[in-house]
Amino acid sequence: MFDWNNDPEAVKVHYDVSAWTLDQRAELAEALAEEDVAHMWDGDELIVPEEVEPQADELFARLEAVLGPFALPLADDEPSVEFGLDEWPPTDRDTLTAALVEAAIPHRWDGTAVFVSAEAEQVVDELLDSIESGTLVVTGVDVAGPPEDALSILFASSDRLAKDPDDQVGQVDLAELLGQIDIAHPPYGVAAGTWSKVIDLSGKLVDLCDDEATPSTDIIGAAQELRSLVRQYV
């Protein structure tokens with residue numbers, strides 16, 4: 001496109017994604033690659049040339065509609081208050097993160113400690129009290145995720161069906177798992193876009209297996225596609 005990253009006079013646009021989760025960053029990286037948006041990374045900052053800023057802004061808006069709202073990052077030089085939460089269970093820290101995002105409170109995590117804007121100290125104190133008392137309800141928060149062995153089952157089932165489209169174990173295991181997973185809760189480390197494709201392929205494969213008129217080659221092809229998609233995670 002153009003050698004913008006080596007041009008000292010080129011105008012660059014910076015996006016701070018330090019407060020994004022790993023899954024959100026993975027989804028962003030995947031979207032940038034799919035749409036061939038010129039970019040580079042500098043730590044927690046995404047940098048694009050000014051020429052593609054409108055395209056990048058549109059991409060961010062679309063991602064926020066699917067994955068957002070996104071967390072507001074807390075600048076290193078911004079007055080902040082630290083809360084050490086090493087004794088909290090991960091589910092409570094997840095609930096706090098969701099609450100901070102929903103309330104648009106700038107923050108950043110450092111291990112199990114969270115730093116929040118000093119202006120929001122009282123609000124965060126109240127959030128912590130509510131979480132500890134079990135009275136906080138955050139819109140859209142559901143800590144229930146897929147079974148821990150979901151990816152292994154997906155791979156094993158698709159592998160069996162790719163080798164034998166009539167394999168009953170593969171058909172039953174996949175159908176049962178499909179009832180326990182959903183698009184809103186991808187396994188840790190799997191981008192939302194990829195998980196959406198996994199859900200779609202799994203449903204398609206189950207439907208093909210349920211239809212007695214389905215040619216064996218169609219089942220094998222769908223199983224091979226699903227197996228290839230999840231292979232990198234097992």
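General remarks:
- Across every pair of non-identical alpha carbons in the range 150-233, the mean reciprocal distance, once inverted, gives a Kirkwood radius of 12.4 Å.
- Note on H107, H185, H39: ascending count of other Cβ atoms within 10 Å places them as H185, H39, H107, the fewest first.
- Using Cβ point charges alone (K and R +1, D and E -1), the dipole size of the chain about the Cα centre works out to roughly 780 debye.
- Each of S18, A31, V52 was placed along the dipole of the range 12-67 (beta-carbon charges, centred on the mean Cα), and the one lying farthest toward the positive end is S18.
- Between helix 216-230 and the chain: long-axis angle, C-alpha atoms, 0 to 90°, nearest 10: 30
- Among W195, W41, W20, the order by Cβ neighbours within 10 angstrom, fewest to most, reads W41, W20, W195.
- The C-alpha atoms of the chain define a longest principal axis, and helix 22-34 lies at about 70 degrees to it.
- Other residues within the sphere of radius under 13 Å centred on the Cβ of A104, judged by their own Cβ, net out at -3 (K and R +1, D and E -1).
- Positive-end residue, the range 150-233 charge dipole about Cα centroid, Cβ charges, pick of L201, A191, I220: A191
- Mean residue ellipticity (222 nm) of the chain, computed from DSSP H runs ≥ 4 via -39,500 (n - 2.57), nearest 500: -15500 deg cm²/dmol
- Which of S80, S152 has the fewest Cβ neighbours within 10 Å, and the rest in rising order: S152, S80
- Charging the Cβ of each Asp and Glu at -1 and of each Lys and Arg at +1, and nothing else, the dipole of the range 12-67 about its Cα centre rounds to 120 debye.
- Centre separation in Å (Cα based) which lies between the range 148-219 and the range 32-96: 31
- Folded to 0 to 90 degrees: helix 53-67 orientation relative to the chain principal axis, Cα: 70
- In this Cβ point-charge picture (+1 for Lys and Arg, -1 for Asp and Glu), the range 146-234 has a dipole of about 440 debye about its Cα centre.
- Option label - P(r) over Cα pairs in 10 Å bins from 0, in percent computed here, alternatives [x] 7, 27, 30, 24, 11, 2, 0; [y] 7, 25, 25, 23, 15, 5, 0; [z] 8, 32, 36, 18, 5, 0: [y]
FYI, it's all coordinate maths here, none of it is from the lab. Note that this is a predicted model, so its numbers are computed, not measured. Cβ atoms come from the backbone with ideal geometry, glycine included; neighbour counts cover every protein chain shown.
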